[in-house]
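These notes are about the structure you will find just below.
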Amino acid sequence: MASGNRPLSPHLQVYRPQITSMLSILHRMTGVGLVGGALIFTYWISSATYGPEAFDRAQSILGSWFGRLVLLAVIFAFYFHLANGIRHLAWDAGWGYEMPTLRASGVVVLVFSTSVTILTFLAGYWAAGVI
Amino acid sequence: MELRSPLGRARGPGSAKEGGIGQWKAERLAAIALVPLTLWFMASAVFMVGADLVTFKEWAGAHGNPVLLILLTIALYHHAQMGLQVVIEDYVHHEGVVIISLVLVKLGAFFCAAYTIFSIVRLTF
């Protein structure tokens, strides 16, 4: 921190995109984005303590087209960060470092997070009685 | 797979000493706790789409749900705060900005967690 000559974190643009590096930066980006999800969680829970009008307002903001778009992003970020986080825990345990395994587990994470995001949204529409 | 070199094993934990190991363990512990807690929350919250306050309070105040919500809040903001710390330490290169951001992130996380827990408790009355 004191010296200006210390090596910096990787400059992403100088590397050829690969599933390993792309998922690594996506893990960070979704993590930072999910802080917004945490704040939405706090807003949603706390709105209920201010009475029915405040809670209904929160529900209609989250249910508007913009609210649903934000929730779609948050929910995808959540499932991705969850699945890739489990991948990280597996690495911490010493498992899955071979290149074919690394790529395969990355694909599994992407397929899982995309499909479960769609399923969650369908479940939400079903719970709301839309479908 | 053994990833430590014989030299690394001989030198031990390095400059971070036991404190670095403690931080590493705290990061994993919160992450592990969040796996079941967030999945439970997601499965429950889906049924609150379009719900009114009565339905919401019935869920949020019932059975073990307030306890699970409080545990989720603690693990969530603890994890968020440690994650943001890593990102700030990696990408912010001005020492003063690093210190100020870390203080704001950590105090902000404490505030959000306390406010959320207070709200959850109020919902049970």
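The values are calculated or read from the model by the stated rules, or taken from the named source; none is laboratory data. Please read these numbers as outputs of a predicted model, since none were measured by experiment. Backbone-built Cβ (ideal geometry, glycine too); neighbour counts: all protein chains shown. Heavy atoms of the whole protein, side chains included, go into the accessibility calculation; ligands, DNA and RNA do not. Shrake-Rupley method; radii C 1.70, N 1.55, O 1.52, S 1.80 Å.
Within the full protein context, the accessible area of B:LYS57 is estimated at about 80 Å² for a probe radius of 1.4 Å. Computed from label points 7 Å out along Cα-Cβ, the spacing between A:TYR125 and B:TRP24 is 4.6 nm. In terms of its alpha-carbon gyration tensor, the protein assembly as shown comes out prolate; a/c meets the 1.5 threshold, and the first ratio a/b outweighs b/c. What FRET efficiency comes out for the pair B:ALA43/B:LEU3, r = Cβ-Cβ distance, R0 = 35 Å, nearest 0.05? Plugging the Cβ-Cβ distance into 1/(1 + (r/R0)^6) gives 0.45. At full extension, A:GLN18 and A:LEU39 could sit 4.4 nm farther apart than now, given 0.36 nm per residue minus the alpha carbon distance. Approximating the spin labels as points 7 Å out from Cα along Cα→Cβ, the A:VAL108-to-B:VAL86 distance works out to 2.0 nm.
Compared with its chain on its own, segment A:107-131 contains the following residues whose accessible area drops by 10 Å² or more in the full protein assembly (probe 1.4 Å; ligands, DNA and RNA excluded): A:THR120, A:ALA123, A:GLY124, A:TRP126, A:ALA127, A:ALA128.
What is the interface area between chains A and B, defined as buried accessible area summed over both chains with a 1.4 Å probe, reported in Å² to the nearest 100?
Working: alone 9510 and 9160 Å², together 15130 Å².
Chains A and B together bury approximately 3500 Å².
For segment B:42-125, the solvent-accessible area works out to 54 Å² per residue, with a probe of 1.4 Å and every protein chain left in place. Per residue, segment A:29-98 exposes an accessible area of 48 Å² to a 1.4 Å probe, with every protein chain left in place. The portion of the accessible surface of chain B made up by carbon and sulfur, rounded to a whole percent, is 72 (1.4 Å probe; DNA, RNA and ligands excluded).
A dipole drawn for chain B from +1 and -1 charges on Cβ atoms has a positive end, and of B:PHE110, B:PHE41, B:ALA30 the residue lying farthest that way is B:ALA30.
Burial here means at least 50 square angstrom less accessible surface with every protein chain in place than with the chain by itself, probed at 1.4 Å; in segment A:39-56 the buried residues are A:PHE41, A:THR42, A:TRP44, A:ILE45, A:ALA48, A:THR49, A:PHE55. Remark: segment B:95-104, residue by residue, has Karplus-estimated 3J(HN,Hα) of 4, x, 5, 4, 5, 5, 5, 5, 4, 4 Hz, where x stands for each Gly or Pro and the curve is 6.51 cos²θ - 1.76 cosθ + 1.60 at θ = phi - 60°.
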